[in-house]
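S.K.: Handing you a structure now.
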Amino acid sequence: MLHDLPIANDIDACFAHKAAAGLPRDTFEAMGEAGRTALAFIRARLDDGSLPVLTLPRRRDDIVAWKPIVDRYRSLYDDVVVLGIGGSSLGGATLCALVDGGGVTGPRVHFLDNIDPIGFDSRLARLDMGRTGFLAISKSGGTAETLTQLLIVIDRLTERLGKENLGTHITCIAEATDNPLRRIASEHGLFCLEHDPKVGGRFSALSVTGLLPAAIAGVDVEGVRRGAAAMLDATLSAENPLDDPAIAGAAINVALARDHGISQTVLLPYVDRLDRLSFWFRQLWAESLGKEGHGTTPVNALGAVDQHSQMQLYLAGPRDKLFTVICSDPRGRGGQVRAEVAGSAAESLDYLVGRTMGDLMAAEQRATIDTLIRNGCPTRVIRFNTLNEEVMGGLMMQFILETIAAAQMLGIDAFDQPAVEESKVLARQFLREAT
């Protein structure tokens, strides 16, 4: 493991010598050729520029270009609402979670990523529209959910503030093609940033889609990209692909699914601010790899909450899961349990008295890891000391590279989603029939 990476990966408990349902070492080593092929693909796509997601970590020019928008939104608004769904929302929501409890001052950024009319209206009703800015994001510019949200917001802002103020309150992001979102923006005088057509929505977290709302929230977006660049550099410079965290992770996932009946991959962070990361990863992994009968089902969980809701299944249910546990070092942090407050209960709570909440979290994440391993569950552990922008960028880049590598090992295209289109076509048909 390279010392300058923002995160450390421990894959030892993914193997049979440590976890009974794990991977034999020789099976893993046999994935070396597939790893080399995947690494060659990543290097080639970076060199020819055909995968801009690989060039994003080193870019800074786009961040400079958005700065006037960031400054305007931060100075004018108490709240900023992101209108979008799927990849247009999840990356930004993951990054904006960094500001929770971090002492960062700035607008509150909300992600209205669904079209439940009750929930949508209720959340809008809580906001002062005069002090609220909006970002409408759709890569294609034709996402029905986002267009519906935007048109309703335009209607309500016009009623409240007048049509002449729309351009101040709303910024759009879409491909530079003739699409409905850009036509709406032109009709109402809204500024529209370009979404790179070669960066798919679920791969767009490190682009304007994820970083613009994060910058408005007060996240150090250059730090995010530095962390991503560190992970990318580790992959590109790997002499043995299986020594790289992303390539090794892909090889373990593919081999366990192919040869050992592992059909689910559980992402279990022990940090509240990484809860949205597990939802972001869920889309990235499922939509990229669920093709031609391939793919494992991503399961999002959160420690310590899901020790009380899923652990029974994990330990005593089917042995069809690979676990990735993400840990910080919370020891000594948070409030302390004092004996005088516990009173007569102090004696029976001797293991808690004098300990902080962070001490309890550290003990529970360690206990979960050890219990999973003792029960034969293949378990990868990702560690860092404190969650910050570099760590978040490193995590996201690792999972992006791991997904791309896994698709190469499976012989599928990570960047399309043909099965999703069927339901979109049917939804449009049903709406037309209803009228």
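The values are calculated or read from the model by the stated rules, or taken from the named source; none is laboratory data. Keep in mind that this is a model prediction, so the values were computed, not measured. We place every Cβ from the backbone using ideal geometry, glycine too, and count neighbours over all the protein chains shown. Just the protein is used for accessible areas: all its heavy atoms, side chains included, with ligands, DNA and RNA removed. Shrake-Rupley method; radii C 1.70, N 1.55, O 1.52, S 1.80 Å.
S.K.: If you wrap region 62-151's Cα atoms in a convex hull and average its projection over all directions, what's the area in nm²?
M.R.: On the way: hull surface 26.1 nm².
Reported value for the Cα convex hull: 6.5 nm².
S.K.: Under a point-charge model restricted to the Cβ atoms of Lys and Arg (+1) and Asp and Glu (-1), what is the dipole moment magnitude of region 300-435 relative to its Cα centre, in debye to the nearest 20?
M.R.: Taking the Cα centre of region 300-435 as origin, the dipole is about 160 debye.
S.K.: Can you pull the three principal axis extents for the Cα set of region 172-325, in Å, largest first?
M.R.: Here the spans come out as 58, 41, 36 Å, largest first.
S.K.: A further question on this structure: For the chain, what is the calculated [θ] at 222 nm in deg cm²/dmol (nearest 500), taking -39500 (n - 2.57) for each run of four or more DSSP H residues and dividing by its residue count?
M.R.: Here the helix-only value at 222 nm equals -15500 deg cm²/dmol.
S.K.: Quick one: which of LYS163/LYS424; LYS18/LYS321; LYS163/LYS198 span more than 27 angstrom between C-alpha atoms?
M.R.: LYS163/LYS424; LYS163/LYS198
S.K.: Another one. LEU95: accessible area at probe 1.4 Å, nearest 10 Å²?
M.R.: Rounded to the nearest 10, the figure is 0 Å².
S.K.: Starting from the amide H of VAL82, placed 1.01 Å from N in the peptide plane, find each other amide H under 5 Å away whose residue is 5 or more places distant or on another chain.
M.R.: HIS110, PHE111, LEU112, LEU135
S.K.: Give the angle, between 0 and 90 degrees and rounded to the nearest 10, that separates the Cα long axis of helix 418-434 from the longest principal axis of the Cα atoms of the chain.
M.R.: Its long axis makes an angle of about 40 degrees.
S.K.: A follow-up question, please. Rounded to the nearest 0.05, what FRET efficiency do ASP10 and ASP78 have when you use their Cβ-Cβ distance and R0 = 35 Å? Display every interim value, and only then the final one.
M.R.: Values: r = 43 Å, r/R0 = 1.22.
Rounded to the nearest 0.05, the efficiency is 0.25.
S.K.: Given a Förster radius of 56 Å and the C-beta distance between GLU422 and LEU349 as r, what FRET efficiency does 1/(1 + (r/R0)^6) yield to the nearest 0.05?
M.R.: So the FRET efficiency works out to roughly 0.50.
S.K.: Give me the dipole magnitude in Debye, nearest 20, for the chain about the Cα centre, with unit charges on the beta carbon: positive for Lys and Arg, negative for Asp and Glu.
M.R.: Working: 43 positive and 55 negative charges, 86 e Å.
So the dipole magnitude of the chain works out to roughly 420 debye.
S.K.: For region 55-101, with every protein chain kept in place, what is the accessible area per residue (1.4 Å probe, Å²)?
M.R.: Averaged over the residues of region 55-101, the accessible area is 38 Å².
S.K.: Using the scaling law 2.2 N^0.38 Å as the reference, what is the normalised Cα Rg of region 327-427?
M.R.: 1.72
S.K.: Accessible area, 1.4 Å probe, largest first: how do THR168, THR368 sort? Don't skip to the answer; put the middle values down first.
M.R.: Working: THR168 55, THR368 10 Å².
Solvent-accessible surface, decreasing: THR168, THR368.
S.K.: How far is helix 275-289 tilted, in degrees, relative to the longest principal axis of the Cα atoms in the chain, given as a value from 0 to 90 rounded to the nearest 10?
M.R.: Result, in degrees: 90.
S.K.: Here's a follow-up. What is the ratio of the Cα radius of gyration of region 113-181 to 2.2 N^0.38 Å, with N the residue count, to two decimals?
M.R.: Compactness ratio reported: 1.11.
S.K.: A further question on this structure: Are there cysteines in the chain with no second cysteine's Cβ under 4.7 Å away, and if so, which?
M.R.: If one checks each Cβ against the other cysteines of the chain, CYS14, CYS96, CYS327, CYS377 turn up with nothing under 4.7 Å.
S.K.: Three principal axis extents, largest first, for the C-alpha atoms of region 238-323, in Å?
M.R.: That gives 40, 28, 24 Å along the principal axes, largest extent first.
S.K.: If I compute solvent accessible area with a 1.4 Å probe over the protein chains, what percent of it on region 243-353 is carbon and sulfur? Working shown, then result.
M.R.: Working: 2480 of 5040 Å².
Answer for region 243-353: carbon and sulfur cover 49 percent of the accessible area.
S.K.: Take the Cα atoms of the chain, find their three principal axes, and give me the spread along each one in whole Å, biggest first.
M.R.: That works out to 66, 62, 46 Å along the principal axes.
S.K.: Could you tell me how many degrees, from 0 to 90 and to the nearest 10, lie between the Cα long axis of helix 389-410 and the main elongation axis, the longest principal axis, of the Cα atoms of the chain?
M.R.: Helix 389-410 and the main axis of the chain meet at about 80 degrees.
S.K.: Let me see the P(r) profile for region 76-232: every Cα-Cα distance counted, bins of 10 Å, each bin given as a percent of all pairs.
M.R.: With 10 Å bins starting at 0, P(r) equals 11, 42, 36, 10, 1.
S.K.: Across all directions of projection, what mean area in square nanometres is found for the Cα convex hull of region 190-261?
M.R.: 7.5 nm²
S.K.: Provide the packing ranking of 170-178, 303-311, i.e. peptides ordered by the mean count of other C-beta atoms within 10 Å per residue, highest first.
M.R.: In descending order of packing, they fall as 170-178, 303-311.
S.K.: For the peptides 233-243, 335-345, 248-258, 383-393, what is the packing order when you average, over each peptide's residues, the other Cβ atoms within 10 Å and list the highest mean first?
M.R.: Going by the mean number of other Cβ atoms within 10 Å, highest first, we get 248-258, 383-393, 233-243, 335-345.
S.K.: Could the peptides 193-206, 66-79 be put in order, highest first, of the mean number of other beta-carbon atoms found within 10 Å of their residues? Could the numbers behind the result be given before it?
M.R.: Values: 193-206: 21.9, 66-79: 15.6.
Put in order of decreasing packing, that is 193-206, 66-79.
S.K.: Mean separation of Cα pairs under 8 Å and 6+ residues apart, divided by the residue count of the chain: what relative contact order is that in percent?
M.R.: Once normalised by length, the contact order is 25 percent.
S.K.: What do you get for Rg/Rh of region 296-352 when both radii come from the Cα atoms and Rh is the Kirkwood radius?
M.R.: 1.14
S.K.: Search the structure for amide H atoms under 5 Å from the amide H of LEU23, placed 1.01 Å from N in the peptide plane, and list their residues when 5 or more places away or on another chain.
M.R.: It is PHE15, ALA16, by chain and number.
S.K.: Give me, ordered by chain and number, the residues 5 or more places off VAL299 or on other chains with an amide H under 5 Å from its own placed amide H.
M.R.: THR265, VAL266, LEU267
S.K.: Let me ask something else. Per the 1.4 Å probe, what fraction of the accessible area of region 58-146, in percent, lies on carbon and sulfur atoms? Can you show the working numbers first?
M.R.: Working: 2090 of 3900 Å².
Here it works out to 54 percent.
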